[in-house]
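Peer 1: Just dropping this structure here.
Quick note: the coordinates plus some simple rules give every number you see, no bench work behind them. Because the structure is a prediction, the values reported are computed rather than measured. Quick reminder, even Gly has a Cβ in these numbers, built from the backbone with ideal geometry, and neighbours come from all protein chains shown.
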C-alpha cells in the first residue's frame with residue numbers, strides 16, 4: 001500500500017528505515033512533543049515492527065519519504081480506529097521541517113482513510129504551545145473544535161493543554 005502526495009510517497013515501514021528512524025526520534029523537538037522512547041537501533045527496529053504490524057486493524061502507520069530520493073522525511077498514522085472514528089498523528093524529521101511535508105502527508109492520509117477505512121470522523125490533538133502543529137492541522141483541513149485542559153503528558157513530563165481539531169467525511 002502506497003499513497004502519493006506532491007513530492008511525497010507514504011509507504012509501509014521497512015527494517016532498513018531503522019537508522020533514519022533513530023536519528024529522527026532522538027531529535028529534541030520530537031522527544032518533547034512525540035516521545036517514542038527510542039534510544040538505539042534495536043529500539044528503532046522494534047518501533048518499526050510495531051507500526052508495520054496492522055494485523056489488529058487498529059492503526060495504519062506509514063513512513064513519509066521523498067518521492068524522488070526515498071529519503072525518510074517523517075511519519076504519519078491513523079490510529080484508534082473504531083466505530084467509524086479515528087485519530088491521526090505525525091512527526092517530521094528536523095531537516096524536512098518548514099517545507100509543508102506534514103500538511104501534505106496528513107491531507108493525503110486523511111483522504112485515503114475516509115475512502116478506504118469507512119471513517120466518519122478523524123481527530124487530531126496537539127499541545128496548545130506547539131503552533132506548528134496547529135498550522136499543519138489547518139492546512140490539512142482539520143477544524144479547531146476547542147481546548148482540552150491539561151489533557152496529555154508530553155515528553156517533557158508536564159501536562160499540556162491541547163487543541164482538538166477534527167475532520168468529518170462530510171467536510172468540504
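Peer 1: What's the extension gain from residue 171 to residue 54 if we count 0.36 nm per residue and subtract their Cα-Cα distance?
Peer 2: 39.4 nm
Peer 1: Quick check: the distance between the Cα centres of segment 86-103 and segment 128-142, to the nearest angstrom?
Peer 2: Here the two parts' Cα centres lie 10 Å apart.
Peer 1: Checking the a/c ratio against 1.5 first, then a/b against b/c, what shape does the Cα gyration tensor give for the chain?
Peer 2: The shape class here is rounded.
Peer 1: Would segment 70-172 count as rounded, prolate or oblate if I go by the C-alpha gyration tensor, calling it rounded below 1.5 in a/c and otherwise prolate when a/b exceeds b/c, oblate otherwise?
Peer 2: oblate
Peer 1: Can you sort 128, 21 so the residue with the fewest Cβ neighbours within 10 Å comes first?
Peer 2: Listed from fewest to most nearby Cβ atoms, that is 128, 21.
Peer 1: Here's a follow-up. With an 8 Å cut-off on Cα pairs and a minimum separation of 6 or more residues, tell me the relative contact order of segment 3-168 in percent.
Peer 2: For segment 3-168, the relative contact order is 20 percent.
Peer 1: With springs only between Cα atoms under 10 Å apart, run a GNM on the chain and tell me which of 35, 155, 57 wobbles the most.
Peer 2: Fluctuation is largest for 57.
Peer 1: If you don't mind, there's one more thing I want to ask. Among the DSSP beta bridges whose two residues both lie in segment 43-172, what percent are antiparallel, rounded to the nearest 5?
Peer 2: Percentage antiparallel, nearest 5: 90.
Peer 1: How would segment 1-50 be classified by its alpha-carbon gyration tensor: rounded, prolate or oblate, with rounded meaning a/c under 1.5 and the a/b versus b/c comparison settling the rest?
Peer 2: It is oblate, given that a/c is not under 1.5 and a/b is not larger than b/c.
Peer 1: How would you rank 151, 172, 61, going from fewest to most other Cβ atoms within 10 Å of each one's own Cβ?
Peer 2: By the 10 Å Cβ count, ascending: 172, 151, 61.
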